[in-house]
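Here is the structure we will look at, set down as C-alpha cells.
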Amino acid sequence: MSTLAAAAETLHVPAAVDLAAIVVGALTGGLLAAREGFAVSGVLLLAVTGGLGGGLVRDVLLAAGPPVALTNPSYLPAVAITAAVTFYFSGWLSRLTRLLVVLDAITLGLFTVIGAQKAQLAGLPSASVVFIGTLTAVGGAVIRDVLLAQRADIVQPGPYNAVAALLGATALTVLAGPVGLDPIPVALVVIVLVAALRVLSVWRGWEAPVAVDLPGRARSRLARERPGRPDGRRRLRRRAR
C-alpha cells in the first residue's frame, strides 16, 4: 500500500460533517434555481447537483462500486428536504448572503478533503489525488452551469473557486503524503486554507489569473521603450567624427 493510501486510512471525515457539507451545497444550488424562477423539479435538480454532483462524478471515475450518493440512505433525503426549504423560503434565505458565502467556502474545503481522501484510499498517484480532490469540490458547480446553459464559473475570471480547491488538494497531497505529517491536522489546515482563500477572494475582489502572452507583452514593452532611447549607431558615428 502506498504512503498516501496508508495516511488516508487515518483521515476520516465524520458522517455528520460530510452530510452538512452536502446540505450546504444543495442549499446554494436550490437558491440559485429559486432565483431563476425554476419549477420545483428544477430546484430539486440543482439542489442534487450542488450537493452530490461532485461526489457522483468522483465515484464514477474511481469505479469503486455504486456512488456513495446512491448507497448512503441519508444523502438523497437530506438533499430533497433542503430543496423543499429553498423552494418555500428562498426569499428569507437570500438575506443570509454573508453566512452563505462562508458556509459555501467551508463546503468547498470539505469537498476538497473528502475527494482527495477517496483518491488516496484508491492508491492513486499524487497528481490524480489533486485532480480528484479539485473535481469533487467544483464538479457540482460545473454540472449546474451546464444545466443552466451558461459558461461555467470556474473557467471565468472571478473569486477563487477551482483555484482554492486546487491549492488545497495539492497541499493535502504533499503534506499528508511525501512529507508524512499527521493527516488529520493537515485536513483541518486544508479546509481552513481553502475556505479562507474563497472568502477573501469574494470580499476583497480577488480574481483568478487569466492567460498571459509573455512574448507579446515583452514585444509591447520593447516597442514602448525604443522611441525614448538614443540610437546606438548615431552615438558611434558622433564618436568617430
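Remarks
- Answer from LEU100, LEU76, LEU108 - the residue that is over 19 Å from the mean Cα position of the chain (by Cα) and either modelled with pLDDT of 90 or more or closer than 24 Å to LEU197 by Cα (or both): LEU76
- Residues that are of a type in the set (Gly, Ala, Ser) and at pLDDT 90 or above within the range 161-200 comprise ALA164, ALA165, GLY168, ALA169, ALA171, ALA195, ALA196, listed in sequence order.
- Of residues in the range 201-216 being at pLDDT 80 or above, touching a helix residue (DSSP H, G or I) at 6+ places or on another chain (Cβ under 9 Å) and not polar (S, T, N, Q), the one surrounded by the most Cβ atoms within 10 Å (Cβ to Cβ): VAL202
- Residue pairs whose Cβ atoms lie under 6 Å apart, sitting 6 or more positions apart in sequence or on different chains, and linking a residue in the range 56-68 that is at negative phi to a partner that is aliphatic (A, V, I, L, M) and outside any helix (DSSP H, G or I), are LEU62/ALA122.
- Matching residues, the range 45-66, being crowded, with 17+ Cβ neighbours inside 10 Å and more than 12 Å from LEU147 (Cβ to Cβ): GLY51, LEU52, GLY54, GLY55, LEU56, VAL57, ARG58, ASP59, LEU61, LEU62
Here is a yes/no grid of residues against (1) touching a residue at least 24 places away in the same chain (Cβ under 8 Å); (2) surrounded by fewer than 20 Cβ atoms within 10 Å (Cβ to Cβ); (3) not in a helix (DSSP H, G or I):
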| site | (1), (2), (3) |
| --- | --- |
| LEU70 | no, yes, no |
| PHE89 | no, yes, no |
| ARG98 | no, yes, no |
| LEU103 | yes, yes, no |
| THR112 | yes, no, no |
| GLY115 | yes, no, no |
| VAL130 | yes, no, no |
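- Among the residues listed as GLN117, GLN150, the single one being modelled with pLDDT under 90, polar (S, T, N, Q), under 28 Å from THR82 (Cα atoms) and under 16 Å from the mean Cα position of the chain (by Cα): GLN117
- Selection from the range 148-168 of residues that are crowded, with 18+ Cβ neighbours inside 10 Å and either in contact (Cβ under 8 Å) with a residue 40 or more places away in the chain or assigned to a loop (DSSP other than H, G, I, E, B) (or both): PRO159, TYR160, ASN161, ALA162, VAL163, ALA164, ALA165, GLY168
The values are calculated or read from the model by the stated rules, or taken from the named source; none is laboratory data. It should be emphasised that the depicted structure is a prediction, and the values quoted were computed from it without experimental measurement. Cβ: placed from backbone, ideal geometry, glycine included. Neighbour counts: every protein chain shown.
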